[in-house]
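The values are calculated or read from the model by the stated rules, or taken from the named source; none is laboratory data. Note that the coordinates shown come from a computational prediction; the quantities given were computed from them, not determined experimentally. Counting neighbours? That spans all protein chains shown, and the Cβs are built from the backbone with ideal geometry, glycine included.
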Amino acid sequence: MHGMSEGCSDRERRLGQIVFEYLEQIERGEPPCPHRWLAAHPEFAQELAEFLENRQRLETAFAPIRPVCSCFAAPGSSGLTDTMTLPGECTLAGAPTPLPLVAGYEVLEELGRGGMGVVYRARQKNPQRLVALKMIRQDCIPSAENVQRFCREAEAVASLDHPNIAPIYEVGRHEGRLFYTMKLIEGGGLDQHRGRFRDEPRAAVALLQAVAAAVCHAHKQGLIHRDIKPSNILLDRDGRPYLTDFGLSRHMQEDLNLTRTGQVLGTPTYIAPEQIRGQHEGVTSRTDIYGLGAVLYTLLTGQPPFEGRNAYEVLLRVAETPPLPPRRLNPRVDRDLETVCLKCLEKSPAKRYGCAGELGEDLARWLAGRPVEARRVSHWERARRWCCRYPLLSGLAAMVLLLVCGVLVLLLIHQNRVARYQQAAEQHLYAANIRLAQIAWNNNDLGETLRLLAATEPSPGRPDLRSFEWYYLFGLAHRQKRTLAGHRGDVYAVAFAPDGTRLASAGRDGTARLWHVANGQSLHVLEGHRDEVNAVAFSPDGTLLGSASDDGTVRLWNVQSGAPAARPFLAGGPVVALDFSPDGRTLACGGHAGIVQLWEVSTGRQLARQAGHTAAIECIAFQPQGNLLVSAGRDHAVRLWDSTTLAPRGVLRGHGRAVMAVAFSRDGQWLTSGGQDGSICLWDRAGRLQAQGLGHQSWVMSLAFSPDGRTAVSAGKDAAVWVWELPSAKRLGALQAPHAERVWSVAIAPDGGLLATSGGDGLIKLWDAQAVQGQQRVALAASQSADSLAIHPDGRRIALAGNGVFDSRDGRAQATFAPGDKIQCVAFSPDGLTLATGAYDGTVALREPATGQVRKVLGRHANYVTAIAFAADRRTLATLADEPTVWIWDPEVAGPPRALLGHQATAKALAFDPYGHVLATGDTHYVVHLWDARSGLLRRTLQGRPARLDALAFSPDGSLLATSGDDRVVHLWHVASGRQLGMLLGHTAAVRALAFSPDGMRLASGGDDQVVRIWDLTTRRELLVLSTNSIRCLAFSPSGTALAGAGIGSSLYPASAHVWLAPRP
C-alpha cells in the first residue's frame, strides 16, 4: 500500500500540540480567552492569529467545527493530501522503530506510515507470496475507538469482493497489536501518476469508471468509503486501479455514535462539504460521489478542486466556493465531461448523482460518444449560489441593480413619453399634410400634391400612417400628369398636334391657345375671334391650326409663330365644328345654320356647301383613308357625305336625341357617335350599327379613339370620362368628375400615352391614358335614391336598396329588384351566401346575392322596415320597423321573431359588433341601447344629445361605437364602459351615415351637407373631404380600398350612389 506522510518538524509538532490543547479545552466546555492564549505563546502569534481568524470564518459559515486536526501543513507546504486524524490518535513521530517480527511473515521494509498505522512490505511464508501488512504503530497508544476503527477497516475490506478493491488475506494480532494483510499493489498511488492523465482525458475517464464500479459495489454492501482521494487509489503494474484504505468507511446502518457530531473526517482537498459541517447523519453514498468527482477533477486538471495555504482555508473554500470549471485549466476537456465532473462536485448532495452506478453509466456514455445525462448548471442557478455565498456583496449588488433598474425605468418612461409625443406630432403632421395635399389638388397644383404625399410616406423604422385617404389622393395624382390653366371660362375643345408635342385649346373667352405638352408651358395665345371659340383642329402636317367661332369665322394660324396664316373664312353664322381632310387640302365646318361647308386651305375659297341638316350641326369629321365626311347635330341624325363634293351618302339613325359628337378610328373602319341621351353608338364602315352603350348620365359631348382602335373615350356633361372596349362597347374604366363641372372635350395623343380633357372649370388636364382605366370613382347605374347599401364580403358586389346588385368595379347592374318590391334596406350575410332585404310593406326576405331573387320570406312587420343587419354567427338577423321594438330573427328556423323592448321612441339604427356579441340600437331621442345579442338582455344605455339619431357603427375590434344624427356631430363611445370619448366636428348638416375602415384607423361620415368626411381616429382630425350628393349610407370594402356611399342624386352628381377607390400601388 502507498505510504503515509512523514512526521512533522519540532516547531510544527509544538504548534500542533498548542492547537490540539486549545481544541480539547473547547471540547470540554472550557474555551480559553483568545487574547490570553495568544499572549501565552508569543513565538507563534502570527500562526495562532491566522488559525483563530480562519476558525471564526468557518464557525460563522457553518456549525461550530470541533477539534479537527492536531497536525497540519505550514503555509506553503503540500501536506494537505494526508487524512486528518482524530483526537486521541498518536501523531508525534518518534525515533525510527525496528521491523517487527510477525509469525508467518517476513517483514521486508516499511512502505509508509500515518497517524495511527504503519504499512510494511512482507513475504507470507504459507502460501509463499508478497503482501502488504498493516498494523497499529508501536509508538502509538491507541484508544478503544481507534482499535475499533482498525478492526472495522479489516472487516469492511474482507466483506468486499471486487476486481478493483484490494482483497484482505488475513487479520490477526502481534504482541497485542492488530494487523491485517492484503494484496500488495506495487504500481504506486494514483497521486504519483496524476500528471499523465491531464493530456489523456479518455484514459482518466476509463480509470475513474472502474473506480466508480468498485465504489458502487461497496455501496451495495452497505459501506461508505468517506475518504476517496488519489493516494487511496493504487495502480498495479498494468495500470489497473484498486480502491484501498477503508479506515474511515462506515456502514450505512451503523450507529452514528461511533463518529461524534462535530468531528471532521477525511482529507481537506477531497472532503465533501457535508463532512466539513460534522453532520455525519448527512454523509451518504453521495459523499463518495463527491470524492470520485474530486479525483476526476484532479486527473483532468492536474490539481485538486480546492487548494489553500492551510487546512482551514481549504475547508472554507470547499464549503463556500464553486470549483473552477475544468475547461479553463485544460482545453482538452469538453463540455459534457466538464458537466459530469461538476455535477459530482455539487455542494448539495441532492444535486449530485444518486449513486456511483449512475456516474459510471454517464462516464460510459461519454466514452461511447453519446450525450450524457448530466445537465450544466444554469446561469440563474449560478447567480443564486453566488448570492448565498456572499450575502453582503449580493445585497449591495441588488441595491445597485435596483438603482440601475429604477434609472432605466425612468429613462424608459421618459423615452416612451417622448415616443408618444413624437408619434402624436407625426400623426398631426400627417393629417395637416393630407389636408394640404387635397387643397393643392383642388387648386390644380399637381406638383405640390405629389410633394405633400411624398412627405407623408413612412421613413425607415417609423409606423406607416397611410390609409384610405392617402391612396385615394395618390391615385388621383398619378393619373393626372399636368393641369393647364389660362383660359377664362369654359374650355370647349382640345386637340393634339400630329407629332404629339403641342396641344391646342379653344375657349369661351374668345381665344385659342397652343401649349407645350411636355412641360405645360403656354406657347401662344391666339387672339382674333370676336366671340367664343368652339373648336380647334390641326392640319395633318401639323403646320396649321384651324379655329371655329360663334363670330361666324374660321381662322388659320401658323403653329410655329402663332400668327394668322390666312384671311378668315366667312361661314355666315356661328361655327361649332371643323376638321381637316386627310391630305390637308380641304377644311370642313358646320354650325348653327345646319350647313356643311368645304374650304380650300391654300386659297380660302369655298369649294362646296350642303344644307342637309334640319337643325344645328354639333360635330363634323373626315374619314381617315377614305372619302367620307360625317356630320351630326340636333336633328338626331348622323349624315354621311362625299368628302369632295358633299354629295349625300347616307343617314345613320340610332340616337333618340341630338348627336353631339362623332369620331373615326385611325384606320377609318369604325365610327362612333354620342348623343344627348347619354348613349354611344358604334358603326362599321358600311354604316351598320354594331354596338350601343349607356354610361353617361347626361349628354355625350366629345369622343376620341385610341391609336390602335381597340378603345374609345367619351366625355360628358355629367362630368365623367368613360373608356370603352371596342367593338363590344363594354366600359373599362372612367374618370369620375375629372373637372369641377361638365367635361366639354376629350382627345388622345397620337402615341396613345396621354389623354387630354377640358371642362367647365376653365382647365385643361393631361392624364396617363393607361391609368384612366384604374378608376378613382365609379358611379353605380342606380335609378332610385337609396337609404341603405351593403358590400359583399368579396368586395366585388354592392347591394343598393331600391335598385339591385351592382358591380363595384364598373357600376353596372348585375341584378335588379322588382319595382314593386320597394326594398328599403339590405344586408349580406357574413359568408356572402345570402342577401337579406327589408321592404316598404314590412316584408323581411332572404335572397340570392347574384340574382336578387327571393329565396325565403321570414315574415312581415306591420310597418315598413328601416334597418336590417346580420350578426357574425349568420344565425341572427336584426330588423327595425319604424317602431320602438327591435326584432331578432333566426334565418334558418321558421317562426316569429323575438322582440327586444326598451326604447321609448322609434328605433332608427342598429349594428352588431364584429364578434356578434353586442347589438347596438339607437332611437329618435338619441338613446342608444347595448344588448347581449344572444340572450337579448340590456347591457347598457348611452344617452346622447337631445336630437334624432340616424347612424351608428362599431369599430373593427368592437371597442368603439360611433353615433351621429341631427346634431351634426359624430360621437365616439367606449363600449365596455359606456363612456363618451370625444366628438368629431365639421359637418354643417345632419350626419346620416357612418363607416369604420377595416384597419380601424379611419371613420367615414356623410350626410345632408353633401360631403363625405374621412377622420383620423387617433388625432380626431379631418383628413379628406369628398364632394358628393346627400348621403344616407356608407360602407368600406373588406380590403379597405373602396368606400361606397349612396343617397339622393343631385344636378351635379346625378348618380345616387358612388364608389370611391383607393387602390394600393
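Restricting attention to region 605-620, which residues are outside any strand (DSSP E or B), crowded, with 16+ Cβ neighbours inside 10 Å and out of contact with any Asp or Glu (no Cβ under 8 Å at 6 or more places or on another chain)? Lay out the reasoning, then the answer.
Residues of region 605-620 outside any strand (DSSP E or B): 605, 611-616.
Remaining after also requiring crowded, with 16+ Cβ neighbours inside 10 Å: 612-613, 616.
Correct list: G612, A616.
If you go through region 922-934 one residue at a time, how many are assigned to a strand (DSSP E or B) and within 24 Å of S964 (Cβ to Cβ)? Break it down into steps so the answer makes sense when it comes.
Of the residues in region 922-934, the ones assigned to a strand (DSSP E or B) are 922-923, 927-932.
Applying the additional criterion that residues be within 24 Å of S964 (Cβ to Cβ) yields 922-923, 927-931.
Selection size over region 922-934: 7.
Looking at A432, is it modelled with pLDDT under 90 and either part of a helix (DSSP H, G or I) or out of contact with any strand residue (DSSP E or B) (no Cβ under 9 Å at 6 or more places or on another chain) (or both)? If you could, list the steps in order and put the result at the bottom.
Values: modelled with pLDDT under 90: no; either part of a helix (DSSP H, G or I) or out of contact with any strand residue (DSSP E or B) (no Cβ under 9 Å at 6 or more places or on another chain) (or both): yes.
In short, no.
Rundown of residues vs (1) surrounded by 23 or more Cβ atoms within 10 Å (Cβ to Cβ); (2) among the small types (G, A, S), yes/no style:
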residue: V969; (1), (2): no, no
residue: L985; (1), (2): no, no
residue: V991; (1), (2): yes, no
residue: G1007; (1), (2): yes, yes
residue: V1011; (1), (2): no, no
residue: R1032; (1), (2): yes, no
residue: H1058; (1), (2): yes, no
residue: A1062; (1), (2): yes, yes
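Can you tell me which residues in region 940-950 are surrounded by 17 or more Cβ atoms within 10 Å (Cβ to Cβ) and free of Cβ contacts under 8 Å to residues at least 40 places away in the same chain?
Across region 940-950, the qualifying residues are L942, G944.
Just to be sure I understand the filter: pairs with C-beta atoms under 7 Å, separated by 6 or more residues or on different chains, first member in region 630-647 and farther than 21 Å from L682 by Cβ, second member acidic (D, E) and surrounded by 24 or more Cβ atoms within 10 Å (Cβ to Cβ). Which pairs pass?
Between residues of region 630-647 that are farther than 21 Å from L682 by Cβ and residues that are acidic (D, E) and surrounded by 24 or more Cβ atoms within 10 Å (Cβ to Cβ), the close pairs are R634/E618.
Considering only residues of region 942-958 that are under 16 Å from G982 (Cα atoms) and outside any strand (DSSP E or B), which is nearest to the chain's Cα centre (by Cα)?
Per the criteria, the residue is S955.
Six or more apart or on different chains, Cβ atoms under 6 Å: show the pairs whose first residue is in region 737-752 and under 15 Å from H696 (Cα atoms) and modelled with pLDDT under 80 and whose second is among the hydrophobic types (A, V, I, L, M, F, W, C) and part of a loop (DSSP other than H, G, I, E, B).
A737/A719
List, please: which pairs have Cβ atoms under 6 Å, are six or more places apart or on different chains, and start with a residue in region 785-802 that is over 10 Å from S1056 (Cβ atoms) and end with one that is aromatic (F, W, Y)?
Every condition considered, the pairs that remain are A790/F828; H792/F828; I798/F806.
Tell me whether region 664-685 contains one or more residues that are surrounded by fewer than 21 Cβ atoms within 10 Å (Cβ to Cβ), among the hydrophobic types (A, V, I, L, M, F, W, C), assigned by TED's automatic domain parsing to the domain that holds S698 and part of a loop (DSSP other than H, G, I, E, B).
Scanning region 664-685, I find no residue that is surrounded by fewer than 21 Cβ atoms within 10 Å (Cβ to Cβ), among the hydrophobic types (A, V, I, L, M, F, W, C), assigned by TED's automatic domain parsing to the domain that holds S698 and part of a loop (DSSP other than H, G, I, E, B), so the answer is no.
Answer yes or no as to whether A786 is small (G, A, S), under 15 Å from V865 (Cβ atoms) and part of a loop (DSSP other than H, G, I, E, B).
Details: small (G, A, S): yes; under 15 Å from V865 (Cβ atoms): yes; part of a loop (DSSP other than H, G, I, E, B): yes.
Answer is yes for this residue.
Scan L880, L858 and give me the residue that is surrounded by 16 or more Cβ atoms within 10 Å (Cβ to Cβ) and at pLDDT 95 or above. Explain how you work it out, then say what you get.
Values: L858 fails: at pLDDT 95 or above.
So the residue among L880, L858 that is surrounded by 16 or more Cβ atoms within 10 Å (Cβ to Cβ) and at pLDDT 95 or above is L880.
One line per residue, one yes/no per condition, for (1) modelled with pLDDT of 85 or more; (2) of a type in the set (D, E, K, R):
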{"residue": "C681", "(1), (2)": "yes, no"}
{"residue": "D684", "(1), (2)": "yes, yes"}
{"residue": "L703", "(1), (2)": "yes, no"}
{"residue": "D708", "(1), (2)": "yes, yes"}
{"residue": "A712", "(1), (2)": "yes, no"}
{"residue": "D718", "(1), (2)": "no, yes"}
{"residue": "V723", "(1), (2)": "yes, no"}
{"residue": "G733", "(1), (2)": "no, no"}
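Does S561 meet the test of being among the polar types (S, T, N, Q) and assigned to a strand (DSSP E or B)? It would help to see each step written out before you state the result.
On the way: among the polar types (S, T, N, Q): yes; assigned to a strand (DSSP E or B): no.
Taking the combined requirement at face value, the residue does not satisfy it.
Listed residues A537, A563; which is in contact with a strand residue (DSSP E or B) (Cβ under 9 Å, 6 or more places away or on another chain) and under 26 Å from L755 (Cα atoms)?
Details: A563 fails: under 26 Å from L755 (Cα atoms).
Only one candidate passes the filter, namely A537.
Please determine, by comparing only the residues of region 465-479 that are closer than 14 Å to N433 by Cβ and of a type outside the set (G, A, S), which one is surrounded by the most Cβ atoms within 10 Å (Cβ to Cβ). It would help to see each step written out before you state the result.
Taking region 465-479 and keeping what is closer than 14 Å to N433 by Cβ, we get 465-467, 469-470, 473-474, 477.
Now narrow it down to the ones that are of a type outside the set (G, A, S): 465-466, 469-470, 473-474.
On the way: L465: 21, R466: 19, E469: 29, W470: 21, L473: 25, F474: 22.
Per the stated criteria, the residue is E469.
Residues that are outside the structural domain of I271 (by TED's automatic domain parsing) and within 24 Å of A103 (Cα to Cα), at least 2 per element: which helices (runs of 4 or more DSSP H) completely within region 126-239 meet that? Step through it out loud before you land on a result.
Numbers: elements: 144-158, 194-197, 201-220.
In region 126-239, 144-158 are the helices (runs of 4 or more DSSP H) which contain 2 or more residues that are outside the structural domain of I271 (by TED's automatic domain parsing) and within 24 Å of A103 (Cα to Cα).
Among the residues of region 439-448, are any over 36 Å from the mean Cα position of the chain (by Cα), assigned by TED's automatic domain parsing to the domain that holds A663, over 18 Å from A747 (Cα atoms) and surrounded by fewer than 17 Cβ atoms within 10 Å (Cβ to Cβ)? Please lay out each step first, then the result.
Taking region 439-448 as the starting set, the residues that turn out to be over 36 Å from the mean Cα position of the chain (by Cα) are 442-445.
Subsequent filtering for residues that are assigned by TED's automatic domain parsing to the domain that holds A663 retains none.
Checking region 439-448: not a single residue is over 36 Å from the mean Cα position of the chain (by Cα), assigned by TED's automatic domain parsing to the domain that holds A663, over 18 Å from A747 (Cα atoms) and surrounded by fewer than 17 Cβ atoms within 10 Å (Cβ to Cβ).
State yes or no: is A953 crowded, with 16+ Cβ neighbours inside 10 Å and hydrophobic (A, V, I, L, M, F, W, C)? Give the steps one after another, and end with the answer.
On the way: crowded, with 16+ Cβ neighbours inside 10 Å: yes; hydrophobic (A, V, I, L, M, F, W, C): yes.
When the stated conditions are applied, A953 passes them.
Answer yes or no as to whether T1019 is of a type in the set (S, T, N, Q), part of a loop (DSSP other than H, G, I, E, B) and free of Cβ contacts under 8 Å to residues at least 60 places away in the same chain.
Answer is no for this residue.
Residue by residue through region 514-543, note down the ones that are in a strand (DSSP E or B) and either outside the structural domain of F705 (by TED's automatic domain parsing) or more than 22 Å from A661 (Cα to Cα) (or both).
So in region 514-543, the residues in a strand (DSSP E or B) come out as 514-516, 522-527, 533-538.
Listed by number, the residues that qualify are L514, W515, H516, S522, L523, H524, V525, L526, E527.
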